[in-house]
Amino acid sequence: MRRLFYLAVGRLATTRWWTAYHRRWYRVAPALASRGAWGPVVLITTVGRRTGEPRSAPVFGWPEGEAVVVVASNAGHDRAPAWYLNLRANPDVEVNLSGRVRRLRARDATSEERERLWPKLVRLYPGYEVYRTTTARPIPVVLLEPPAIVGR
């Protein structure tokens, strides 16, 4: 029953209708829209890999030091979410958390970081483990970090 619940909720949250609704809600009331049932929701804006246009998507995002951790689960679908594919093409991202906008750079977590973070992420949102069992693709854990300062 719990598995069906997470699959239903995840599949609803990845629909174009819900994503568009949540984007609008985030722009009107970011403090409210950033509070998800299982954790903070960040609005990430990537550059479309085909269009070159800005593309925004609401995703769960948890602070990890100066970084923000997001998971490209796409609710267990066999294809990665479009925002993740955009980050692979161009890792520069704008992150809006409760109205605070930061420019960050994305990278996949190393295997050691993933091993450390995955149990924590599953505790925060158990649906990730359900999604992991419904797809053959590895689910990426992504760190959104401040760009390195040259000469540091």
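Readers should treat all values here as calculations from the given coordinates under stated rules, not as data from a laboratory. In this text, all values refer to a predicted model and were calculated from it rather than measured experimentally. Here the Cβ positions follow ideal geometry from the backbone for every residue, glycine too, while neighbour counts run over all protein chains shown.
Brief remarks follow.
- Spin-label model, residue 148 to residue 136: label points 7 Å out along the Cα-to-beta-carbon direction sit 3.6 nm apart.
- Scoring 122-132, 108-118 by mean Cβ neighbours within 10 Å over their residues and listing the highest first yields 122-132, 108-118.
- The fewest-to-most ranking of 92, 78 by surrounding Cβ atoms within 10 Å reads 78, 92.
- The packing ranking, built from the mean of other Cβ atoms within 10 Å per residue, places the peptides 71-77, 93-99, 46-52 in the order 71-77, 93-99, 46-52, highest first.
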